[in-house]
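The values are calculated or read from the model by the stated rules, or taken from the named source; none is laboratory data. Please read these numbers as outputs of a predicted model, since none were measured by experiment. Heads up, the Cβs are rebuilt from the backbone with ideal geometry, glycines too, and the neighbour counts pull from every protein chain shown.
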């Protein structure tokens with residue numbers, strides 16, 4: 001049963017990341033810094049990946065110590081996503097694509113390393129009073145929520161459709 005849970009979690013992470021990837025790929029250049037709710041398209045894509053990455057970790061401190069973050073300190077800067085203020089930084093599409101692939105790899109590593117005990121344990125994130133297993137579901141829902149916002153903007157503003165991804169990674 002544990003392996004089944006790991007497989008379905010990874011497959012649904014991959015499907016959600018495929019949707020985000022398709023949104024990133026299909027976004028016209030003119031819309032890359034255009035509005036999506038209260039962010040720019042590129043900021044919404046970054047926010048979505050940032051929190052997918054964040055909640056794959058164990059703690060805030062572990063997150064900031066990741067080699068990827070140290071190697072890309074010029075992009076993460078002051079971790080404005082964790083601050084109670086609107087973001088100001090904008091992001092290049094190529095870097096967002098790199099970050100998405102990093103999150104895919106990290107998802108596989110993290111989910112595959114989970115045990116029945118770690119999945120049942122309470123998460124260590126503030127204001128998240130549930131198990132690590134539920135945190136993975138929460139994380140996937142967050143990915144889907146923002147990918148849907150990006151997809152809707154593409155459809156309404158640019159007449160671009162984003163396909164549905166059922167399970168696993170697929171190019172859009």
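Answer with yes or no whether residue 44 is in contact with a strand residue (DSSP E or B) (Cβ under 6 Å, 6 or more places away or on another chain), within 26 Å of residue 130 (Cα to Cα) and surrounded by 15 or more Cβ atoms within 10 Å (Cβ to Cβ). Give the steps one after another, and end with the answer.
Working: in contact with a strand residue (DSSP E or B) (Cβ under 6 Å, 6 or more places away or on another chain): yes; within 26 Å of residue 130 (Cα to Cα): yes; surrounded by 15 or more Cβ atoms within 10 Å (Cβ to Cβ): yes.
Spelling it out, residue 44 is indeed in contact with a strand residue (DSSP E or B) (Cβ under 6 Å, 6 or more places away or on another chain), within 26 Å of residue 130 (Cα to Cα) and surrounded by 15 or more Cβ atoms within 10 Å (Cβ to Cβ).
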For this session: Quick one: in the range 11-33, of everything that is assigned to a loop (DSSP other than H, G, I, E, B) and surrounded by fewer than 17 Cβ atoms within 10 Å (Cβ to Cβ), which residue is nearest to the chain's Cα centre (by Cα)?
Result: 33
Problem set entry | Given (1) assigned to a helix (DSSP H, G or I); (2) within 16 Å of the chain's Cα centre (by Cα), index of the condition residue 112 fails | (2)
For this session: Looking only at the range 120-137, decide whether some residue is more than 25 Å from residue 42 (Cβ to Cβ), surrounded by 12 or more Cβ atoms within 10 Å (Cβ to Cβ) and within 12 Å of the chain's Cα centre (by Cα).
Result: yes
For this session: Could you please find all residues in the range 79-91 being assigned to a loop (DSSP other than H, G, I, E, B) and either free of Cβ contacts under 8 Å to residues at least 24 places away in the same chain or surrounded by fewer than 11 Cβ atoms within 10 Å (Cβ to Cβ) (or both)?
Result: 79, 83, 84, 85, 86, 88
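Across the range 103-119, what is the number of residues that are surrounded by 13 or more Cβ atoms within 10 Å (Cβ to Cβ) and either touching a residue at least 60 places away in the same chain (Cβ under 8 Å) or in contact with a strand residue (DSSP E or B) (Cβ under 6 Å, 6 or more places away or on another chain) (or both)? Walk me through it before giving the result.
The first filter runs over the range 103-119 and keeps only residues surrounded by 13 or more Cβ atoms within 10 Å (Cβ to Cβ), leaving 103-104, 106-108, 110-111, 114, 118-119.
Checking the rest, the ones that are also either touching a residue at least 60 places away in the same chain (Cβ under 8 Å) or in contact with a strand residue (DSSP E or B) (Cβ under 6 Å, 6 or more places away or on another chain) (or both) come to 103-104, 107-108, 111, 114, 119.
Total meeting the criteria: 7.
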Exercise. Among the residues of the range 145-158, is any surrounded by 15 or more Cβ atoms within 10 Å (Cβ to Cβ), outside any helix (DSSP H, G or I) and modelled with pLDDT of 95 or more?
Worked result: no
